[in-house]
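Here is the structure we will look at.
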Amino acid sequence: MIYKKNKLTIDHLDIGNIAKKFKTPIYCYSLKTIEANIKNIKSHFKSINPLICYAVKANSNLGILKEIKKNNLGADVVSVGELMKALKAGISPKKIVFSGVGKTYEEIEYAINRNILLINTESKSEILQIEKIAKKKKKIVNIGIRLNPNTDAKTLSQISTGKKENKFGVAQKTFLKLVNMAKKSEILNLKCLSVHIGSQILSHKPYQKMLSVVSKVIKLSNYKFEYVDLGGGMGIDYNHDHSKLDLKKYSIEIKKFLKANKCKIIFEPGRSIVGNSSILITKIIYIKEGFKKDFVILDAAMNDLMRPALYGAKHKIIPLNKIKKISKKSYEFVGPVCESTDTFSTIKRYQKLNEKDYLAICDVGAYGMSLASNYNLRPKPLEILIKNSKVQILNKRQKISDLI
Ligand code: LLP
């Protein structure tokens, strides 16, 4: 994504022309960026040779999943819907792991029928349920058990998962008991220890702590795990100030861990694969004078991009056409939804804007469209992919008539 003659372009295409042609709001993805992200992760962890299972929840668009499949990634799914979609995209069941605290009978049955690599369990009850279904089907089932390592990921509290007060995984003591229980099962094959401490993690230190807990627990369990699934969480540079996770430091920690624990590493990255691959193109409907600041009312809202309303997350907002003139007042960028939290950010000294101008909300590829809703009965936006300097429609804009 670069400005050419002050116009925003992706892969040589003028985004302003795309906005005019297709109308807004539009989720506009760049295949080049997705592929560069995959390459970046693969190259940093080359000597570890991990199985990379893309976390489908970050973005479950079928066209995107197909591209991810072409790059030989597996999938991490958390519902039967995501599992079906990953399979539809052509991802091999042998590269699919099923995570989540509450898999239903039907979901487990479907996963067993499709012979996926691993079902990562999170409770005694779930293990018993899987065992029951496996017995009924007379099928050996590979499972993992998710450890809650009680590690602070130092990220937003709403997306932190690895502390003892979180619902995810089981505490060390329970973990050891469940390992013994699974060991005795004739039909369950315990293959994996899994962890995931949170999302948008910017320092390697929480990972370092998590790995030392995992090492200790493996020793105590006296069990040889074929896989250790480290989850996802690798943070990206939303502020555009180079504050992203240092993958090199993370990989050094994993190499140290592997010296003491011979196993295959699984990653479940979502955000770091697709996060920075998309902008949300939006048009200014009105500019309304407010007290001390002006409200820039966009045609994209919290139903299209929930992250700011849900987590106070900040996404850069940039103009499609750059000009030099600066506005005297601050701008608060908001959507038209009837909620005070339908606001994206307030920015001082922004370029002077006019009604009908186009803007791009940056880094919305992960947990953007996948969290979108029809709140206020607003149709979900169009999704397009820029591939070899051409536009591919990934998903048509919902029609209002579909909602009525
Ligand atoms: N594995 C498990 C078990 C997870 O729960 C998650 C994310 C991932 C992998 C992928 O994490 P990532 O690499 O994308 O950080 N909606 C929030 C993020 C929620 C993450 C939920 N779990 C947001 O918009 O920031």
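Read-outs: derived from the displayed coordinates by stated rules, not from any lab. All values derive from a computational prediction rather than experimental measurement. Here the Cβ is made from the backbone with ideal geometry for all residues, glycine too, and neighbour counts use every protein chain on show.
Could you tell me the center-to-center distance, by alpha carbons, between segment 1-54 and segment 62-94 in angstrom?
19 Å
In units of 2.2 N^0.38 Å, what is the alpha-carbon radius of gyration of segment 100-267?
Working: Rg = 16.4 Å, N = 168, 2.2 N^0.38 = 15.4 Å.
Scaled against compact globular proteins, the figure is 1.06.
To the nearest 10 degrees, how steeply does helix 247-260 sit against the main Cα axis of the chain, on a 0 to 90 scale?
0 degrees
Run the numbers on segment 100-267 and let me know its relative contact order in percent, using alpha-carbon pairs under 8 Å that are six or more apart. Present the calculation step by step, with values, prior to reporting the outcome.
Numbers: 286 pairs, mean separation 34.3, N = 168.
So the answer I get is 20 percent.
Could you work out the helix-only [θ] at 222 nm for the chain, with each DSSP H run of four or more residues adding -39,500 (n - 2.57) and the total divided by the number of residues, to the nearest 500 deg cm²/dmol? Before the final figure, lay out each step's value.
Working: 12 runs with 120 residues, N = 404.
Roughly -8500 deg cm²/dmol at 222 nm, from the helical runs in the chain.
Sequence neighbours fewer than 8 away in the same chain don't count; with that in mind, list the aspartates and glutamates whose C-alpha is under 13 Å from residue 167.
Once the sequence-local aspartates and glutamates are set aside, what remains near residue 167 is 122.
Given the peptides 77-83, 159-165, arrange them by the average over their residues of other C-beta atoms within 10 Å, most packed first. All intermediate terms of the calculation are to be shown ahead of the outcome.
On the way: 77-83: 20.3, 159-165: 17.4.
So the order, starting with the most tightly packed, is 77-83, 159-165.
Quick check: net charge around residue 45, other residues with Cβ under 15 Å of its Cβ, Lys/Arg +1 and Asp/Glu -1? It would help to have the intermediate numbers written out before the result.
On the way: positive: 39, 42, 46, 248, 249, 255, 256, 264; negative: 229, 246, 253, 268.
Its environment carries a net charge of +4.
Which residues' amide hydrogens lie under 5 Å from the amide hydrogen of residue 264, considering only partners 5 or more residues apart or on another chain, with H built in the peptide plane?
Answer set, sorted by chain and number: 227, 228.
Pull up the cross-link candidates among the aspartates and glutamates for residue 283, meaning alpha carbon to alpha carbon under 12 Å and not fewer than 8 places away within one chain.
299, 355, 357
Cα-Cα over 21 Å: which of 173/224; 95/191; 293/314; 135/262; 244/348; 124/262?
Values: 173/224 18 Å; 95/191 14 Å; 293/314 18 Å; 135/262 31 Å; 244/348 24 Å; 124/262 26 Å.
Too far apart for the 21 Å limit: 135/262; 244/348; 124/262.
I'd like the distance between the alpha-carbon centres of segment 118-169 and segment 268-298, rounded to an integer number of Å.
First find each Cα centre; the distance between them is then 35 Å.
Expressed as an acute angle from 0 to 90° and rounded to the nearest 10, what is the orientation of the C-alpha long axis of helix 205-221 relative to the principal long axis of the chain?
Helix 205-221 sits at roughly 20 degrees to that axis.
With θ set to phi - 60°, apply the Karplus curve 6.51 cos²θ - 1.76 cosθ + 1.60 along segment 309-316 and write out the HN-Hα couplings as whole Hz, x wherever there is a Gly or Pro.
Those phi angles translate into 5, 7, 10, x, 5, 10, 10, 4 Hz.
Got a sec? How would 181, 84, 210, 306 order by Cβ neighbour count within 10 Å, fewest to most?
Values: 181 16, 84 13, 210 27, 306 20.
So the ranking, lowest neighbour count to highest, is 84, 181, 306, 210.
Hey, fewest Cβ within 10 Å first, where do 133, 145 land in order?
Values: 133 20, 145 27.
Going from least to most buried by this count: 133, 145.
Excluding same-chain residues fewer than 8 positions from residue 85, which aspartates and glutamates have a Cα within less than 14 Å of its Cα?
67, 76, 107
Of the peptides 339-349, 379-389, 192-202, how do they stack up when ordered by the mean number of other Cβ atoms within 10 Å, highest first? Could the numbers behind the result be given before it?
Details: 339-349: 15.1, 379-389: 19.1, 192-202: 25.2.
Going by the mean number of other Cβ atoms within 10 Å, highest first, we get 192-202, 379-389, 339-349.
Non-local amide H neighbours of residue 337 (under 5 Å, H modeled in plane, Pro and chain starts lacking H): which ones?
302
Using the Kirkwood radius over Cα pairs, work out the Stokes-Einstein diffusion coefficient for the chain at 25 °C and 0.890 mPa s, in µm²/s as a whole number. Please report the intermediate quantities before stating the final value.
Details: Rh = 22.4 Å.
In µm²/s, the coefficient rounds to 109.
Work out from phi, with θ = phi - 60° and the Karplus expression 6.51 cos²θ - 1.76 cosθ + 1.60, the ³J(HN,Hα) of each residue of segment 355-370, listed in order in whole Hz, and give x for Gly and Pro.
4, 6, 5, 9, 9, 10, 8, 8, 6, 10, x, 10, 6, x, 4, 6
Nearest 10 degrees, 0 to 90: what angle lies between the long axis of helix 172-184 and the longest principal axis of the chain (Cα atoms)?
Value to nearest ten degrees: 50.
Applying the Karplus parametrisation 6.51 cos²θ - 1.76 cosθ + 1.60 with θ = phi - 60° to the phi angles of segment 45-53, what ³J(HN,Hα) value in whole Hz is obtained for each residue in order, glycine and proline being reported as x?
10, 3, 6, 7, 6, x, 8, 9, 9
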